[in-house]
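No value in this document is a laboratory result; all are computed from the given coordinates. It should be emphasised that the depicted structure is a prediction, and the values quoted were computed from it without experimental measurement. Quick reminder, even Gly has a Cβ in these numbers, built from the backbone with ideal geometry, and neighbours come from all protein chains shown.
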Amino acid sequence: MKRISEANLRAIEEVVRGQSDGTTAKQIAEGLDPAPPRRTLQYRLKALVDSQRLTVEGSGRWTRYRMPATVQLSGEVRSGRATASGRLSAMNPLSEEGAAVLVQVQLPLNERKPVGYDRDFLDSYRPNQTFYLSEVERTELRRIGSATPAEQPAGTFAKQILSRLLIDLSWNSSRLEGNTYSLLDTQRLIEAGEEAEGKGALETQMILNHKDAIAFLVDGAAEIGFNRHTILSLHALLADNLLPDPAAPGRLRYRSVGIAGSVFHPLEVPQLIEECFDLALAKISAIEDPFEQAFFTMVQFPYLQPFDDVNKRVSRLAANIPFIRANLSPLSFEEVLRDLYSKALLGVYELRRTELLRDLFVRAYRQSAARYAAVRQSIGEPDALRMRYRNALREVVATVVRTTMDKQQAAAHVASWAGEHIEKSDCERFRSIVERELLTLHQGNFARYRVTPSEFATWQGVWSR
């Protein structure tokens, strides 16, 4: 039997997914570029229906194709092997390959073959020639993720939505680690510094670390990249006060680690860990597509386990680097199920298969893009003057905070500084923007001015008198 390209099948699924009332074969053909011959399309549609990736209604010219209402993940998939209990909605379908990975990683531990780190998994990847994501997926994600209508400085969109992103990404990434803070608890902690009752110090620290790490990426949007400084700094921020060895944050691993519930044994030789880490950074940096960059990061960083701990958190936040730099919607991992995410990583660890993690990544980005499209619509276009003087604004606000000026001193300093550094026609407006920023500065947004929590707390005591 002739093998059908998975990319061709997914292209059809994307056309059908966009039609809630179903679609005809003719409409599907019109939605594909290029449109395949009629018999070829019929053959592909039959394959999708036979594998239950599409449902079909009616006959003849009234035949319509739809995405299945649900994908049942209990009992059997069509391969005849048992899979997980639970249900996935039509918005979260698993590809046939993803479902096959899920089947294998749910076998009992004693039925799974122990494996070690396979260097060839990294070595064989050729940037811009090898792809974990199909061209169809990359094209769709770029279309839905485009956040700014014109060329803007790196980080423009992330800065616009920073207060929302700090909460969303901090909560979701922490939740995927088993953190029990609620979304509202997280919001109170980030915006008002209020710790949730009954929660452990480690959970609170984890969320605050995420906040600092996200602010580091957004504030440094023009400088960050897939280099040692950025990734080691990211780990240092995320792991701060969480590891037994106080020197471990920001340092590559030189001891062995294990993966709970897995038969995978990570690399142990420090020299090889360092070599693979540098090679991974070089390959990520060479990848041109931001979505392939992000997903490669989510695959290879956890697989290498370059740090004592906090590897998955680093991979999730580092995956946002290309989105922040290119002003694409960020990835906040909205509605990603913790158990399914863990299973997807087991597929990478034990099988070196990325399909299940890919399914989650694509679905999660769709969710995030939809969320931030709504946020973008509510905030409108960025203030042109604010964008023009963004560095000046940061400098003046940071100086006021670091030197603990009160309101009277701040007003005098802002007026004096603006008179010397800002064009006369913009001076009054600039002063107004700075003063408004100072009046609305709080626990949830001060990080964008690169002041420390202790500096902010000291200044706040003087400012609020």
> Mind listing the phi-derived Karplus ³J(HN,Hα) values for the range 160-177, rounded to whole Hz, using 6.51, -1.76 and 1.60 with θ = phi - 60°, and x for any glycine or proline?
Replying inline: 4, 10, 4, 4, 6, 5, 4, 6, 4, 6, 4, 6, 5, 5, 5, 4, 5, 9
> In deg cm²/dmol, rounded to 500, what helix-only [θ] at 222 nm does the chain give when every DSSP H run of at least 4 residues adds -39500 (n - 2.57) and the total is split over its residues?
Replying inline: -17500 deg cm²/dmol
> How large is ³J(HN,Hα) for each residue in the range 331-341, as worked out from phi by the Karplus curve 6.51 cos²θ - 1.76 cosθ + 1.60 (θ = phi - 60°), to whole Hz, x for Gly and Pro?
Replying inline: 10, 9, 6, 4, 6, 6, 6, 4, 5, 5, 4
>> Please enumerate, by chain and number, the lysines with C-alpha under 25 Å from the C-alpha of K199, excluding those fewer than 8 residues away in the same chain.
In response: K211, K312
> Quick one: C276, C427, fewest Cβ neighbours within 10 Å first, how do they rank?
Replying inline: C427, C276
> Exactly which trypsin sites (Lys or Arg not before Pro) in the range 232-276 are in a DSSP loop and have at most 10 other Cβ atoms within 10 Å?
Replying inline: R255
> Karplus couplings for the range 257-271 from phi (6.51 cos²θ - 1.76 cosθ + 1.60, θ = phi - 60°), rounded to Hz, Gly and Pro as x?
Replying inline: 9, x, 10, 4, x, 9, 9, 8, 10, x, 4, 10, 7, x, 4
> By the gyration tensor of its Cα atoms, with a ≥ b ≥ c the square roots of the eigenvalues, what is the shape of the range 1-68: rounded for a/c under 1.5, prolate for a/b over b/c, or oblate?
Replying inline: rounded
> Magnitude of the Cβ-charge dipole of the chain, K/R +1 and D/E -1, about the Cα centre, nearest 20 debye?
Replying inline: 1260
>> Between the range 449-465 and the range 28-42, how far is it from one alpha carbon centroid to the other, in angstrom?
In response: 62
> Considering only the other residues whose Cβ falls under 13 Å of the Cβ of L166, what net charge follows from Lys and Arg at +1 and Asp and Glu at -1?
Replying inline: +1
> Does the chain classify as rounded, prolate or oblate by the C-alpha gyration tensor (a ≥ b ≥ c root eigenvalues; a/c under 1.5 gives rounded; else a/b over b/c gives prolate, otherwise oblate)?
Replying inline: prolate
> Taking only C-alpha pairs under 8 Å that are 6+ residues apart, what is the relative contact order of the chain in percent?
Replying inline: 17
